[in-house]
Amino acid sequence: MLYLGIDLGGTNISTGIVDENGNILVKASTPTIKGRDAEDILDDMAELSKKLMNELNVTEKDIEAIGVGLPGMIDKKKGISIYANNLKFNNTNIVEEMQKRIDLPCYIENDANCAAIGENVCGVAYGNENLIYITIGTGLGAGIIINGKVFDGSFGGGGEAGHMVIVAEGEECTCGRKGCWEAYASASALRREGRIAAAKYPNSKIYDLVDGNIKLIDAKTVFDAADLGDEVAIEIIDMYIKYLAVGLVNLVNIFQPEAIIIGGGVCAQGDKLINPLKEILSKRVYGGQLKTKLCIATLGNDAGIVGAAMLGKINREEI
């Protein structure tokens, strides 16, 4: 059995063909390109999928279903993207539009939920009944699994932990509100702080690493500068980790999950990210004892592809 998984993010569209055990056989990606209309992005999703089928020498008849993971609020039953603040996908029928382009059953799910499914099916959280997956990228998403089932609330937006307020009247978020966790703990937030610091401190390593072209600074640049001992970068990273920890403490206190998995591009920092987070959480969680396992996603950026692909298998098994 083969399944097609599409992980639609604010930065990239990633697609893969996956077997029934969650192994990716082929994959590819293309930039999402901010600000484009939904139609153009859907065309890219379909073209990328067809390219992979050609590469694997299979046709639509060999694929069981397509699964699409995308950010924001969705209505899984109707196949509609209700609201996505980083994409122009408001009130867009993803299932209907994809089936116009590829004649296969199609299922949708929040992207962070897909990543949680991926890590639960064949990753670091295999077999866990209660877990939370945090994806840190353009935005900050959370996928929550309770008693083996994805939690998405009563109206399709459950689990949007990135939009819990951690600083009253704080930084403006892309959702239009202020003080959201995403505005402080996403990769975009780290990039913002890096650029502000480079402009303010042109003698910093952050500035040097991009030869003065501040527009090239991303989250990795700030971590790289900190690794070189740059005090400005170290201060930014320390504050970033504290903000990330605030949200994680809230989630541990509310859900008491077996595991919290950190994914997205920032997870490449590994122990440099996890160890200080564990130290903070151990001191701040309710009861003073951290029982929740905090770990890096073993599937990396592939977790979303695997989880999206598994939507077809999950829905087929439930019929």
* How many residues are under 22 Å from Ile82 (Cβ atoms), among the small types (Gly, Ala, Ser) and either without any contact (Cβ under 8 Å) to a residue 60 or more places away in the chain or open to solvent by less than 10 Å² (accessible area, probe 1.4 Å) (or both) if we restrict to the range 108-151? -> 5
* Going by the conditions given, is Glu60 over 30 Å from Phe151 (Cβ atoms), exposed (fewer than 15 other Cβ atoms within 10 Å of the Cβ) and in contact with a Leu (Cβ under 8 Å, 6 or more places away or on another chain)? -> yes
* Every pair of residues 6+ apart whose Cβ atoms lie under 6 Å, when the first sits in the range 204-221 and is assigned to a helix (DSSP H, G or I) while the second is basic (Lys, Arg) -> Ile214/Arg195; Ala219/Arg191
* Exactly one of (1) open to solvent by 60 Å² or more (accessible area, probe 1.4 Å); (2) free of Cβ contacts under 8 Å to residues at least 24 places away in the same chain; (3) part of a helix (DSSP H, G or I) is unmet by Asp224. Its number? -> (1)
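Residues are listed down the side, and each one gets a yes or a no for (1) surrounded by 21 or more Cβ atoms within 10 Å (Cβ to Cβ); (2) assigned to a strand (DSSP E or B); (3) modelled with pLDDT of 95 or more:
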residue	(1), (2), (3)
Gly153	no, no, no
Gly157	no, no, no
Val167	no, no, yes
Cys175	no, no, no
Ala189	yes, no, yes
Glu193	yes, no, yes
Ala197	yes, no, yes
* To do: Find the residue count for the range 282-300, including only residues that are in a strand (DSSP E or B) and β-branched (Val, Ile, Thr).
  => 1
* Structure fact -> Here the residues within the range 14-40 that are touching a Lys or Arg at 6+ places or on another chain (Cβ under 8 Å) and either without any contact (Cβ under 8 Å) to a residue 60 or more places away in the chain or under 21 Å from Lys88 (Cα atoms) (or both) are Ser14, Thr15, Ala28, Gly35, Arg36, Asp37, Ala38
* Taking Asn90, is it open to solvent by 40 Å² or more (accessible area, probe 1.4 Å), over 18 Å from the mean Cα position of the chain (by Cα) and at pLDDT below 95? -> yes
* Which residue pairs have Cβ atoms under 9 Å apart, sit 6 or more places apart or on different chains, and have a first residue in the range 257-277 that is on the phi > 0 side of the Ramachandran plot and touching a residue at least 12 places away in the same chain (Cβ under 8 Å) and a second that is open to solvent by less than 30 Å² (accessible area, probe 1.4 Å) and part of a loop (DSSP other than H, G, I, E, B)? -> Gly264/Gly9; Gly264/Gly137; Gly264/Ser186; Gly264/Ala297
* Name the residues in the range 233-280 that are open to solvent by 60 Å² or more (accessible area, probe 1.4 Å), assigned to a helix (DSSP H, G or I) and more than 19 Å from Glu193 (Cβ to Cβ), would you? -> Asn253, Ile254, Phe255, Asp271, Asn275, Lys278, Glu279
* Asked: Between residues in the range 169-198 that are of a type in the set (D, E, K, R) and residues that are part of a loop (DSSP other than H, G, I, E, B) and open to solvent by less than 30 Å² (accessible area, probe 1.4 Å), which pairs lie under 8 Å by C-beta distance while being six or more apart or on different chains?
  -> Glu169/Gly179; Glu171/Gly179; Lys178/Gly170; Glu182/Gly139; Glu182/Cys173; Arg191/Ile217; Arg195/Ile217
* Asked: For Lys27, are the conditions met, namely being touching a Gly at 6+ places or on another chain (Cβ under 9 Å), open to solvent by 30 Å² or more (accessible area, probe 1.4 Å) and either in a helix (DSSP H, G or I) or modelled with pLDDT under 90 (or both)?
  -> no
* **Every residue from the range 76-110 that is under 12 Å from Asp152 (Cβ atoms) and either touching a Ser or Thr at 6+ places or on another chain (Cβ under 8 Å) or assigned to a helix (DSSP H, G or I) (or both)** => Ile108
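The values are calculated or read from the model by the stated rules, or taken from the named source; none is laboratory data. Remember, it's a predicted structure, so these values are computed and weren't measured experimentally. Here Cβ is always computed from backbone atoms with ideal geometry, including for glycine, and neighbour counts include all displayed protein chains. The area values use the complete protein model at the heavy-atom level, side chains included, leaving out ligands, DNA and RNA. Shrake-Rupley method; radii C 1.70, N 1.55, O 1.52, S 1.80 Å.
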